[in-house]
1. Residues of the range 231-249 being open to solvent by 80 Å² or more (accessible area, probe 1.4 Å) and either assigned to a helix (DSSP H, G or I) or small (Gly, Ala, Ser) (or both), which ones?
2. Scan (1) closer than 17 Å to GLU95 by Cβ; (2) open to solvent by less than 60 Å² (accessible area, probe 1.4 Å); (3) at pLDDT 90 or above for the single condition ALA18 breaks and write down its number.
3. Suppose we filter the range 84-116 for residues that are under 15 Å from the mean Cα position of the chain (by Cα) and free of Cβ contacts under 8 Å to residues at least 12 places away in the same chain; how many remain?
4. Quick one: which strands (runs of 3 or more DSSP E) sit completely within the range 87-180 and have at least 1 residues that are polar (S, T, N, Q), closer than 30 Å to GLY267 by Cα and open to solvent by 70 Å² or more (accessible area, probe 1.4 Å)?
5. Name the pairs: first residue in the range 271-297 and of a type in the set (Ser, Thr, Tyr) and in a loop (DSSP other than H, G, I, E, B), second residue open to solvent by 20 Å² or more (accessible area, probe 1.4 Å) and modelled with pLDDT under 90, Cβ to Cβ under 8 Å, at least 6 apart or on different chains?
6. Do we have SER81 as assigned to a loop (DSSP other than H, G, I, E, B), surrounded by 15 or more Cβ atoms within 10 Å (Cβ to Cβ) and either over 15 Å from the mean Cα position of the chain (by Cα) or at pLDDT below 95 (or both) here?
7. Do any residues in the range 195-221 that are outside any helix (DSSP H, G or I) have Cβ atoms under 8 Å from those of residues that are acidic (Asp, Glu) and open to solvent by less than 70 Å² (accessible area, probe 1.4 Å), where the two are at least six apart or on different chains, and which pairs are they?
8. Tell me, which residue of the range 250-270 that is open to solvent by 60 Å² or more (accessible area, probe 1.4 Å) and in a helix (DSSP H, G or I) is farthest from GLU217 (Cα to Cα)?
Amino acid sequence: MSKNLRFNLRVQAIRYEADGVLSVELCPLDDSSLPPVAPGAHVDMHLDEGLVRSYSLITPRCTDARYVVAVLLDRASRGGSNYIHRDLRVGTVMEISGPRNHFLLDESAQRTVLIAGGIGITPIFSMYARMLALGKSVTLLYCGRSRKQMALQEDIAALGKSIEWHIDEEAGTPPDLKAFLSRFPTDADFYCCGPTPMLNGFEATCDALGYNKVHVERFSAVVPAKSDTPSGAYEVVLKRSGQSFHIEPGQSMYDVFLANKVKVEFGCKEGICGACETKVFEGIPEHRDSVLSKAERAANKTMMVCVSGCKGERLVLDI
């Protein structure tokens with residue numbers, strides 16, 4: 001499926017899932033079928049006044065006739081969750097991107113370990129349900145500040161399997177990720193989605209334990225160290241269109257593309273949604289996204305052009 005696919009869907013239902021969490025059910029305007037989705041997938045929702053935000057799909061609730069996302073009312077909202085919680089109404093028609101997935105589940109894994117923090121349960125629950133359906137060995141740790149803020153509890157209960165819970169309010173302390181993760185073999189697959197401090201702790205702990213099959217999905221961009229900032233000018237060549245542009249030190253490739261009306265799919269413009277992922281034919285990207293894994297960055301086969309730059313003097317891209 002083309003990553004540029006877009007279509008209009010109608011808000012069919014808005015449901016209360018937990019304190020500060022709503023789910024939004026989106027359906028086609030006619031009897032057309034929606035593209036299939038896999039655990040970890042998300043869509044970009046084109047909201048009020050040009051806002052574009054990415055939200056994970058609750059894939060067990062999705063069919064070819066509806067998509068369902070879960071949205072947390074973020075205390076630091078930049079407009080997206082505020083709009084959905086306060087202004088979005090049933091019957092609203094909005095543009096939606098085709099589903100994308102940079103948080104892919106390895107369904108062939110012999111042992112899968114899942115950790116969710118808060119609204120991170122959306123993709124993690126989808127993975128959990130899928131692995132159970134396949135009869136695979138899977139463990140889920142669901143963490144939250146309080147039980148009333150933890151969404152999808154009924155969905156989890158309906159699966160008829162027990163999971164591990166950590167509620168800060170009841171335990172009186174944050175989860176001990178090292179104690180939890182050290183219980184599993186090094187060849188297991190580990191996935192985590194949640195707030196930034198949890199993800200940072202998860203990655204650091206997995207690294208210390210020598211785990212290699214480690215996957216995260218972030219809701220906010222990682223701020224690169226200042227030493228990572230490209231210092232020199234470079235040329236970017238667009239192979240398909242034949243265009244080329246000179247990027248000055250400190251200048252954004254995205255701004256140059258926008259000013260010259262280069263046709264590239266953009267979503268979050270922060271390097272977290274994956275909409276602008278572009279194939280690299282030549283050159284070494286300066287990766288500044290929060291999507292690609294360490295292995296994908298090292299391969300330098302693709303880059304997120306909304307935030308990334310160039311380590312050398314020239315990039316040739318599939319645009």
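1. Selection gives SER231 alone.
2. In the conditions (1) closer than 17 Å to GLU95 by Cβ; (2) open to solvent by less than 60 Å² (accessible area, probe 1.4 Å); (3) at pLDDT 90 or above, ALA18 misses (1) alone.
3. Qualifying residue count for the region: 0.
4. Working: elements: 93-97, 111-117, 137-144, 164-167.
Result: empty, no element qualifies.
5. What qualifies is SER290/ARG218; SER290/SER220; SER290/ALA221; SER290/VAL222; SER290/GLU270; SER290/ILE272.
6. no
7. Here the result reads LYS213/ASP106; LYS213/ASP189; HIS215/ASP189; SER220/GLU270; ALA221/GLU270; ALA221/ASP289, each pair linking the range 195-221 to a residue that is acidic (Asp, Glu) and open to solvent by less than 70 Å² (accessible area, probe 1.4 Å).
8. ALA259
The values are calculated or read from the model by the stated rules, or taken from the named source; none is laboratory data. The model shown is predicted, which means the values in this text are computed figures rather than measured ones. Neighbour counts are summed over all protein chains in view; Cβ atoms, including those assigned to glycine, are modelled from backbone coordinates with ideal geometry. Ligands, DNA and RNA are excluded from the accessible area calculation, which covers all protein heavy atoms including side chains. Shrake-Rupley method; radii C 1.70, N 1.55, O 1.52, S 1.80 Å.
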